[in-house]
Structures are given as structure tokens and as C-alpha cells.
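Working notes, beginning with the structure itself.
Derivation of every value follows stated rules applied to the coordinates shown; laboratory data play no part. Note that the coordinates shown come from a computational prediction; the quantities given were computed from them, not determined experimentally. Because the Cβ atoms are built from the backbone with ideal geometry, glycine has one as well, and the counts that use them run over all protein chains shown.
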Amino acid sequence: MTYVSGRIVHDADSHVMETREWLDPFLDAALKGELKPLYGREPGRIDKLLDAAKARKGDAEAEARALDNAIAGPKGWSAFGAFDADERRRVLDSFGFSSQLVFATSSLAPALAAKTEDALYGGVRAHNLAMGAFCAGDPRLIGVAYVPLDNPARALEETNAALEAGNGAIWVSAGPAGERSPGHPDFDPIWARLCEADVPFVLHIGPGTKTQPKAFRNNGRERAPDLHGGGENLRFADYIMLSFAPQVFLTAMVYDGVFERFPKLRGGVIEAGAGWAPEFLRELDLGFKSFKRTDPYLQAMPMTPSQYIRRAIKFTPFPGEDVGRMIADGGAELFMFSSDYPHPEGTNDPLGRFERTMGDLDEASKEKFYRTNFEEMIGPGGMARTAEARRPALASA
């Protein structure tokens, strides 16, 4: 019996847990010396987890144990399907998800730490090719490529290369686009290309995410461990800021006219929570009403800011957020299901946690949350690529 039954469910957020050698087959040899290796130069805790997970390959009993109720099983590098594409296919069979967006976990780190533009874009190219290769064997897997917007011409080149590699979404930083707004006309060729390809852009926790200003950490107390017990991830005071960068980014996309110039452009805000979204839309419209009297750019907008966002953008709540309340407050068209598998933040039962907040929510709203909002974001072209794999789920739903 699958984890999901009786309905079609798309997963708007999952991850690959990269191996140390993940980028090597796709990285230009000339750049290898310029990029830091994944997980440092010396073996450590992650290598031990990877070695143990690799050792179960071909051991039917060990694989069966790992796959049994995988959603509630070990997470991270130990999870079934964490880095092995064949295992991920079997995980999807077990979960019953009809498709799944797949993001990186660590493989962008070398590129984002690069000291030259060539190394940045070369590292990103390797990451995007690796994502395309991981997802190539199963049309239910939709790879998410990353494109730095620092250099508009090179960003367009990488967008094309990422799409050619088979990726089905383009992740951009929620921060400034180099020294420009993401709404600058220099980026119009990228938004036009995504519209032409029928592919969404996505924002995700990571590049551009705002965290607690460093001075606030000077509070006379020892710093607590992060969610995973280590020192490099988010903490409580960072968590409440996850929505800040997406709000700034989306405001720029509205105000700078991108959504007006490209009415077919679509996107998603992934793993930044979603309870803030309805109030954000109200604040946008309040600002629009207040400043329109003197701002010619606002006066020229034929739609309100919230109308642009509702047309273009979907949001993923965290398990534990009150989805029923969000839908009642903001509308069923805004929100999508996600598991975050195999990251532990996704919890051992994301479906159950969302369901427990839905109360007597009507079936049409649930259908939007689990299925149709995702399909609208991915677009007909992206969904067509997964049609063959979805057909058994359609027949049984």
C-alpha cells in the first residue's frame, strides 16, 4: 500500500543528498582546482553516512528495511533514494507521488563560494547537468536547476543549458540579481525564455535568504545548535525571517513590471513557509492604494499587486502550519503540498500533518492543494513530460 491513496498528489519540494563525487563527471577539468570539494578535503561524518547507505545496494533485505515506510524512516544521506536515482524511483512508487520537484542540498556550495565568475558559472553548469542526469530516468522527477542572475548574458546561457539538460524549473536567488533588481529589463530575455519553454522559476531557502543580523547574536549567551544539532543551518531567529527575501523579490517583480510584461510567467516560493502570504498580498495592495496617487509606475499598472501574485505564484507551507486557516484567509489557489524528502524538516508524516489542519475543508480546495496548483505552476509542458508515469495513479484515483 502506498503512502498516498485515493488522490493524485504532486510533491513541490524534495532534495537529493549529493555524494562527494556528485559533480565530478560534469565539471570542466580546468575548474576543479578553483572550486572547493564537497564536504571538505578530509573524510568526515557525511562520508560515513554515505558509505553505509551505499553498502546496502544489492542487499535485498537491507533495501527492504530502508524502503519500508521510508517517509518515517532515516532522513538525510541515510534515506532510501537520497542520492541513488533507482532508489528514488522506488521511493516514488512507495509514496504514490505523481511527480516531485528535486532540489539540491549541497552541490551548489562550491559554485556559490567561487572567487571568479567563470568558476561560479562553471560550477553551476556542473550542478545543473548533475540534476538533469539524476532525474532523467523517471519522468516523475522534475529537476530544479540553479541560475545566478549576476551576469544577464551568462544567466541566459545557463538557463538554456539547464533546459537542454532536461530540468523542469529554474531556481534563482531571492536576493538582488548581482547589482540589479530581478525586475531590470536586462533579465527580460530570461523571463521570456521561461515563458517560451513553459517552465517556472522558483525561490527556495538558500541563496538570498535573509538571516538574523550578526549583531543580534551578540546577546550575552552561548549560541544554540541549529535544527540538526550542528552549526551551519538555520536557528529560531533565522526561521522567522525566511519570508523576508521572497517578499522583497516578488515586490520587485510586480513593481518593475515583469509580471505585466510576461503574463505567462509562473513561479513558486518553496520552503519559506506560507502563513505570511495572505497578509503580504494585503500589504501589497494597501501600499498600491496609498502610493498610486503620486507614483506613475503604479498608476500605469492595470492590475493590483495581489492580482499579479495570484496569477503567477504558488507557495508551500511547512508541515505544522495551519493550511485550513491559510486557505480560508488567502484562497485555495495559492498553496501546494510538499514533503521536503529526505530532509528531516519534512517530518515523518507531512500528509497527515497537513490533513489535521484542514478540518471540513471542501474537496475542491484539497484538490488544488495536492494537485492542480502544482500542475498550474509546472505548466502543461512540464506535466506532459510526467504523463506516462502518472497514468497508473490516474487510473486508480
Given charges at Cβ of Lys, Arg, Asp, Glu: the chain dipole, positive-most of Phe335, Met303, Gly268: Met303
Just add up the charged neighbours of Ala237: K/R +1, D/E -1, any other residue whose Cβ is under 13 Å from the Cβ of Ala237. +4
Correct choice for Kirkwood radius over Cα pairs in Å that was computed from the model, options [x] 22.4; [y] 23.0; [z] 21.8: [z]
Cβ-placed point charges (K, R +1; D, E -1), dipole of the stretch 247-359 about Cα centre in debye, nearest 20: 520 debye
Counting alpha carbon pairs within less than 8 Å and at least 6 residues apart, what relative contact order, in whole percent, applies to the chain? 20 percent
I want to verify a result. In a Gaussian network model of the chain, Cα cutoff 10 Å, which of these has the top mean-square fluctuation: Lys368, Lys115, Lys210? Lys115
Considering Cα pairs under 8 angstrom that are at least six residues apart, work out the relative contact order of the stretch 247-307 and quote it in whole percent. 38 percent
If you take the square roots of the eigenvalues of the alpha-carbon gyration tensor of the stretch 278-336 and sort them as a ≥ b ≥ c, do you get rounded (a/c under 1.5), prolate (a/b over b/c) or oblate? prolate
Place a +1 charge on the Cβ of each Lys and Arg in the chain and a -1 charge on the Cβ of each Asp and Glu, then give the dipole magnitude about the Cα centre in debye, rounded to the nearest 20. 480 debye
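Please give the length that would be gained between Arg7 and Asp349 if that part of the chain were fully extended, namely 0.36 nm times their separation in residues minus their C-alpha to C-alpha distance (nm, one decimal). Mind dumping the intermediate values first?
On the way: separation 342, 0.36 × 342 = 123.12 nm, distance 1.65 nm.
Full extension of this stretch gives 121.5 nm more.
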Gaussian network model of the chain, Cα within-10 Å springs - most flexible of Ser338, Ser365, Ser99: Ser365
Sort the stretch 162-303 into rounded, prolate or oblate with this rule: let a ≥ b ≥ c be the square roots of the eigenvalues of the Cα gyration tensor; rounded if a/c is under 1.5, and if a/c is not under 1.5, prolate when a/b is larger than b/c, oblate otherwise. oblate
Helix-only CD estimate at 222 nm, as mean residue ellipticity for the chain, using -39500 (n - 2.57) per DSSP H run (n ≥ 4): -12000 deg cm²/dmol
Put +1 on the Cβ of every Lys and Arg and -1 on every Asp and Glu Cβ in the chain; which of Ala145, Cys135, Ala64 then has its Cα farthest towards the positive end of the dipole? Ala145
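What net charge is computed for the residues neighbouring Phe187, neighbours being all others with C-beta under 14 Å from the C-beta of Phe187, Lys and Arg scored +1, Asp and Glu -1?
-3
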Which percent, to the nearest 5, of DSSP beta bridges fully inside the chain are antiparallel? 5 percent
Give me the lysines in straight-line cross-link reach of Lys264: C-alpha distance below 27 Å, same-chain residues under 8 apart excluded. Lys289, Lys292, Lys314, Lys366, Lys368
Once you charge only the Cβ atoms, +1 for Lys and Arg and -1 for Asp and Glu, what is the size of the charge dipole of the stretch 7-54 about its Cα centre, to the nearest 20 debye? 180 debye
Cross-link partners of Lys115 among lysines (Cα-Cα below 24 Å; sequence separation of 8 or more within a chain): Lys32, Lys36, Lys210, Lys214
Most mobile of Ala130, Ala384, Ala82 in a GNM of the chain (Cα contacts under 10 Å): Ala384
